[in-house]
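Chemist: Have a look at the structure that comes next, please.
The values are calculated or read from the model by the stated rules, or taken from the named source; none is laboratory data. Note that the coordinates shown come from a computational prediction; the quantities given were computed from them, not determined experimentally. So basically every Cβ, Gly included, is an ideal-geometry build from the backbone, and we count neighbours across all protein chains shown. We work out accessible area using only protein heavy atoms, side chains counted, and drop any ligands, DNA or RNA first. Shrake-Rupley method; radii C 1.70, N 1.55, O 1.52, S 1.80 Å.
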Amino acid sequence: MSSGVGDFLKARRAELTPRDVGLPEPEEHRRVAGLRREEVAQLASISVDYYTRLEQGRVAASAAVLATLVRALRLDDTQQTYLYTLAGKAPARPRRRSAQRVRPAMRRLLDQLTGAPALVLGHRLDILAWNRLASALYTDFDALPASRRNYVRLVFTDPGVRAMHLDWAEAASAGVAVLRMEAAEDPQDAALAALVGELAVQDNDFRTWWAAHHATDAGFGVKRYRHPVVGDLTLDCDMWASPDGSNQRLMVLTAEPGSPSHEALRILSSWHAPVS
């Protein structure tokens with residue numbers, strides 16, 4: 001990597017403050033203006049040593065690392081092009097994705113699951129569809145803009161959804177690991193990069209778990225909730241992948257028949273039954 005890249009990185013981080021990138025303002029006086037190397041490394045999910053070598057021109061960055069630095073340093077389009085030009089790389093051009101649409105068969109199955117909360121999840125764990133009981137359990141998905149309907153985003157940023165998870169850290173870190181797997185499978189997914197950048201700025205735990213590089217495509221588990229209406233629930237969570245390669249998954253939550261959680265789901269369903 002040329003010294004020009006290192007000089008540009010140093011100059012750009014000197015222009016930014018922790019507040020600019022969503023980091024807490026330090027209490028102590030900072031001797032040097034701008035972001036510190038360790039702060040940029042944290043935002044970009046790379047080691048401080050590696051970032052230091054980038055600035056010193058002792059290592060060349062891959063296109064993937066450049067993409068994380070673009071997000072971490074809040075580069076605009078012109079600055080991004082300049083950085084890639086200095087590094088001798090072609091700027092990543094996100095491929096266009098068609099809108100995610102729920103398969104008709106998946107929709108029919110979802111509608112027929114009246115006694116169990118169920119969601120259809122797409123790329124990045126975007127919430128594409130849900131049944132009435134899922135809305136009663138989690139939140140009113142209809143009231144959310146489509147751009148905010150993402151399972152991991154809600155777990156991290158929605159106070160109600162976050163508070164209801166009794167094992168929040170386990171659920172949230174598992175969601176990050178699923179996003180890590182998707183990032184490995186499609187590193188050019190611009191929407192995923194934007195989601196990761198948003199959550200990394202807003203949440204320290206997300207930054208820590210993302211930097212750990214844990215990945216999973218686990219399709220089952222147990223979830224424990226504390227719902228404001230029906231109290232505590234312990235539900236089995238199972239995922240079924242669509243066979244058409246669309247990356248859509250049906251997530252279904254069930255309770256053992258006769259258990260307190262099963263009764264709680266029945267009560268929740270009756271509370272949210274449509275008025276005839």
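Chemist: Given the chain, what percent of its DSSP beta bridges are antiparallel, to the nearest 5?
Modeler: 100 percent
Chemist: If you don't mind, there's one more thing I want to ask. If you average 1/r over all unlike Cα pairs in segment 218-276 and invert the result, what Kirkwood radius do you get in angstrom?
Modeler: 13.0 Å
Chemist: Taking the Cα atoms of segment 136-276 alone, what are Rg (to one decimal) and Dmax (as a whole number) in Å?
Modeler: Rg and Dmax of segment 136-276, Cα atoms, are 16.2, 51 Å.
Chemist: Once both labels are modelled 7 Å past Cα along the beta-carbon direction, what's the VAL229-ALA190 spacing in nm?
Modeler: 4.0 nm
Chemist: Another question, if that's okay. How big is the equivalent ellipsoid of segment 120-197 along its three axes, where each semi-axis is √(5λ) from the Cα gyration tensor, reported in whole Å from largest to smallest?
Modeler: 21, 15, 10
Chemist: Sticking with this structure for a sec: Under the 0.36 nm per residue contour assumption, what length would be gained going from the current alpha-carbon distance of THR17 and ARG266 to full extension?
Modeler: 84.5 nm
Chemist: If you project the alpha carbons of segment 176-255 onto the principal axes, what extent comes out on each, in Å, largest first?
Modeler: Extents along the principal axes: 40, 36, 19 Å.
Chemist: Run the accessible area of the chain with a 1.4 Å probe and give the carbon-and-sulfur part as a rounded percent.
Modeler: 52 percent
Chemist: Set the Förster distance to 30 Å, then compute FRET efficiency between HIS213 and TRP240 from the Cβ-Cβ distance, nearest 0.05.
Modeler: 0.65
Chemist: Per residue, how many Å² of accessible area does the chain show with a 1.4 Å probe?
Modeler: 53 Å²
Chemist: Here's something else I'd like to know. Percent of alpha carbon pairs in the chain separated by more than 23 Å?
Modeler: Percent of Cα pairs beyond 23 Å in the chain: 59.
Chemist: Right, next: When the helices in the chain are scored as -39500 (n - 2.57) per DSSP H run of 4 or longer and the sum is shared across all residues, what 222 nm value do you end up with, to the nearest 500 deg cm²/dmol?
Modeler: -13500 deg cm²/dmol
Chemist: For the Cα atoms of the chain, what angle does the longest principal axis make with the long axis of helix 3-14, in degrees from 0 to 90, nearest 10?
Modeler: 60 degrees
Chemist: Using only Cα atoms, find the angle between the long axis of helix 260-271 and the longest principal axis of the chain, and express it within 0 to 90 degrees, rounded to the nearest 10.
Modeler: Rounded to the nearest ten degrees, it is 90.
Chemist: Moving on. How many nm is it between the label spots at VAL48 and ARG74, if each spot is 7 Å from the Cα in line with the beta carbon?
Modeler: About 2.3 nm, to one decimal.
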